[in-house]
Ligand SMILES: [Zn+2]
Ligand SMILES: [Zn+2]
């Protein structure tokens with residue numbers, strides 16, 4: 001497992017200038033989640049679905065360990081700002097949530113006794129701590145059926161309000177009409193102005209001159 005861990009850590013940090021404790025936790029949590037479900041990892045198929053509770057360095061570690069990725073539709077983010085992830089076997093619908101133990105930072109010092117700098121103590125310790133010292137693993141029930149979370153790719157419908165196409169069954173039905181989530185509930189953006197296309201292109205030209 002050690003060589004495997006080193007390879008995965010190298011892969012997780014390949015696009016970064018650093019290897020940090022959160023990437024190590026991501027790799028360890030990814031390996032543990034797949035192993036407890038009895039699934040080999042990293043994998044190329046869609047049997048394992050990972051739901052992350054934050055983005056950033058932790059996500060890089062989990063991706064390297066599991067092979068799951070947003071582009072494969074095998075990884076999604078529910079952004080709670082927490083270092084934790086749920087691993088779902090989409091065949092059996094078994095789901096496990098894996099997180100660091102609450103006192104993991106204190107426990108780390110025992111595994112790097114001669115390191116006084118917190119960051120480097122964690123970086124070293126998280127590589128070698130046994131799973132039971134490092135992690136909590138809890139079986140969970142998902143709030144939505146797995147089939148709904150995964151959804152059927154290729155399904156398309158147009159929003160009855162804005163007219164934009166909605167894919168992957170993400171529409172909301174209200175009064176018998178299919179709406180996008182933004183029109184149905186309000187979204188993450190607000191705009192009352194629709195720029196004409198030539199103006200948008202001009203802005204992109206400016207942006208690319210700057211960089
Ligand atoms: Zn980092
Ligand atoms: Zn809409």
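None of the figures in this text is laboratory data; all of them are computed from the coordinates on show. The structure presented is a predicted model; accordingly, all values stated were derived computationally and were not measured. Because the Cβ atoms are built from the backbone with ideal geometry, glycine has one as well, and the counts that use them run over all protein chains shown.
A few notes on this one:
- Taking the convex hull of Cα positions in the chain, its mean projected area over all directions (nm²): 16.0 nm²
- Distance (nanometres) between label positions extended 7 Å along Cα→Cβ at residue 93 and residue 156: 3.1 nm
- Mean sequence separation of contacting Cα pairs (under 8 Å, at least six apart), scaled by the length of the chain, corresponds to a relative contact order of 14 percent.
- Across segment 1-74, counting alpha-carbon atoms alone, Rg and Dmax equal 11.2, 33 Å.
- For the chain, the longest principal axis of the alpha carbon atoms and the long axis of helix 118-128 meet at an angle near 80°.
- Shape call, segment 63-134: gyration tensor on alpha carbons, a/c limit 1.5: prolate
- If R0 is taken as 25 Å, the Cβ-Cβ distance between residue 194 and residue 70 corresponds to a FRET efficiency of 0.35.
- Projected label distance in nm at residue 144 and residue 103, using a 7 Å step from Cα toward the beta-carbon: 3.8 nm
- Estimated [θ] at 222 nm from DSSP helical runs (n ≥ 4, -39500 (n - 2.57)) normalised by residues in the chain, nearest 500: -11000 deg cm²/dmol
- Label-point gap, in nm, between residue 181 and residue 46 - each point 7 angstrom along Cα→Cβ: 1.9 nm
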